[in-house]
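For reference, the structure is listed below as structure tokens.
The values are calculated or read from the model by the stated rules, or taken from the named source; none is laboratory data. Remember, it's a predicted structure, so these values are computed and weren't measured experimentally. Quick reminder, even Gly has a Cβ in these numbers, built from the backbone with ideal geometry, and neighbours come from all protein chains shown.
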Amino acid sequence: MVKIDKFEDILAWKEARKLSNNIFEIARKLEKQREYSLSDQIKRAAVSIMTNIAEGFSRETKKDFAHFLFIAKASAAEVQSLSYILSDQKHIVDSEFKIIYEKSDYVQRLLSNFIKYLKHNNDFNKTKQTPKTQETKITQ
């Protein structure tokens, strides 16, 4: 099992970081098209995923941590919703939509599993073992 000593050890945070990088690439295209508000909104949603995971990790209780993970999960859903607008308005191609949608979905599933783990394991602390979803995916 993997231990979590800092928020950067959390797989969902690592995947959210990758998603954010994809979003910022797309946002640069949007800004060239003068779509500033849409660019800003999707960037803020993507950044919110990472920052809420990090902020939740710094909280004292599992309940607080889980609350911030729920917010991060909702931000991932916001990214998915905004990706539909980008696709519908022809700001991104189908392959870009698929990448954003699937990465957002993956982050949401990781967060859901982590939230379940926090709710059902009284022995969790930030230096103890992490859920099996963390263990099976960390191969980098």
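Suppose the filter is at pLDDT 95 or above and under 30 Å from Lys119 (Cα atoms); does Glu102 pass it?
Here the answer is yes, as Glu102 does meet what is asked.
Please go through (1) in contact with a Gly (Cβ under 8 Å, 6 or more places away or on another chain); (2) surrounded by 17 or more Cβ atoms within 10 Å (Cβ to Cβ); (3) without any contact (Cβ under 8 Å) to a residue 60 or more places away in the chain for Ala72 and return the number of the only condition it doesn't satisfy.
It is condition (3) that Ala72 fails.
Considering only residues that are aliphatic (A, V, I, L, M) and crowded, with 19+ Cβ neighbours inside 10 Å, which ones fall in segment 39-65?
Ile42, Ala45, Ala46, Ile49, Met50, Ile53
If you take the residues of segment 1-19 that are at pLDDT below 90 and of a type in the set (A, V, I, L, M, F, W, C), which of them is farthest from the chain's Cα centre (by Cα)?
If we take residues in segment 1-19 being at pLDDT below 90 and of a type in the set (A, V, I, L, M, F, W, C), then Met1 is farthest from the chain's Cα centre (by Cα).
For segment 18-52, how many residues are in a loop (DSSP other than H, G, I, E, B) and within 18 Å of Gln108 (Cβ to Cβ)?
Qualifying residue count for the region: 0.
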